[in-house]
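Structure first, then comments.
What follows is calculated from the coordinates using simple rules that are stated; it is not laboratory data. This is a predicted model, so every value here is computed, not measured. As a convention, Cβ positions derive from the backbone with ideal geometry for all residues, glycine included, and neighbour counts pool all protein chains shown.
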Amino acid sequence: MESFNKKALIIVDMERGFMPASEGERLGLRGFGELGVTGGELIIPGANQLTDEYVHQNLPIAATFDYHPEETAHFSDNPNYVNTWPKHCVGGTLGAELHPDLRIAKRPELATRFIKGDTPCDSPEDDTSYTGALAYDPQTGTYLPDWLREQNVTEVDVIGLAKGDGGEHKLCVDSTAVDLHNDGFRVNLVSDVSEFVDQNNREVFARNMGAIGINLITLREALAALTPTEA
């Protein structure tokens, strides 16, 4: 019997450009370290565990990609690391590709791909590139929230890179979580399968997420919630 509370896994921006440069050196591959998040590579095993369980349960998986143009106000030669950034994850470049150790990189058919940030913005205030809620499937033009509804999804587990403060300075993970919550989905943010740009945001992030109504859970809790129970 199909669940009335169907879940989906949202894998946010686990691209080479957001992984540490040391990963590129380890693998002998280019595209790493453009805007490297310390510890970004450490969440890959958890992402793969969740992917495997979602596949086992025949539940949908979506992966969002930063896919920026060459020129946009999202980038700056003198970035403030708040709303301007070094050039990263430009569409069609190696930096926009997934880390190759991800299960969905080895088997791309497991996840539906959604891109975001591909339209230039004129100023940081006009920048809509953070949220996965505005990511779309380039094959169909379908936006992520609409795709989730087409899949009869009411609840999502969000993982990936990277987290901001959950408030005024949200980044891609928390922007996606908040906007999907506001779009009517129950949102679980898997804390240990996502990473901060700034670890100092950890406490304020938890307060902001809790105030909004987003559930902060662990990988263990996420996996346990996917395990079928006897009726």
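Quick notes
- Looking only at residues in the stretch 42-69 that are in contact (Cβ under 8 Å) with a residue 40 or more places away in the chain and assigned to a loop (DSSP other than H, G, I, E, B), the one that is nearest to D13 (Cα to Cα) is Y67.
- Annotation: of all residues in the stretch 192-225 being assigned to a strand (DSSP E or B) and out of contact with any Ser or Thr (no Cβ under 6 Å at 6 or more places or on another chain), the one that is farthest from T51 (Cα to Cα) is F196.
- Summed over the stretch 70-120, residues that are of a type in the set (D, E, K, R), within 13 Å of the chain's Cα centre (by Cα) and part of a loop (DSSP other than H, G, I, E, B) total 0.
- Residues in the stretch 132-159 that are surrounded by fewer than 17 Cβ atoms within 10 Å (Cβ to Cβ), of a type in the set (V, I, T) and in contact with a Lys or Arg (Cβ under 9 Å, 6 or more places away or on another chain): 1 in all.
- Residue check, L102 more than 25 Å from S22 (Cβ to Cβ) and aliphatic (A, V, I, L, M): no
- Considering the stretch 1-27, and only residues there that are over 17 Å from the mean Cα position of the chain (by Cα) and outside any helix (DSSP H, G or I), the residue that is farthest from G164 (Cα to Cα) turns out to be M1.
- Test for D174: is it of a type in the set (D, E, K, R) and out of contact with any strand residue (DSSP E or B) (no Cβ under 8 Å at 6 or more places or on another chain): no
- Any hit, the stretch 61-68, residues being surrounded by fewer than 22 Cβ atoms within 10 Å (Cβ to Cβ) and over 17 Å from P124 (Cα atoms): yes
- Flag for R30 being in a helix (DSSP H, G or I) and either in contact with a Cys (Cβ under 9 Å, 6 or more places away or on another chain) or of a type in the set (K, R) (or both): no
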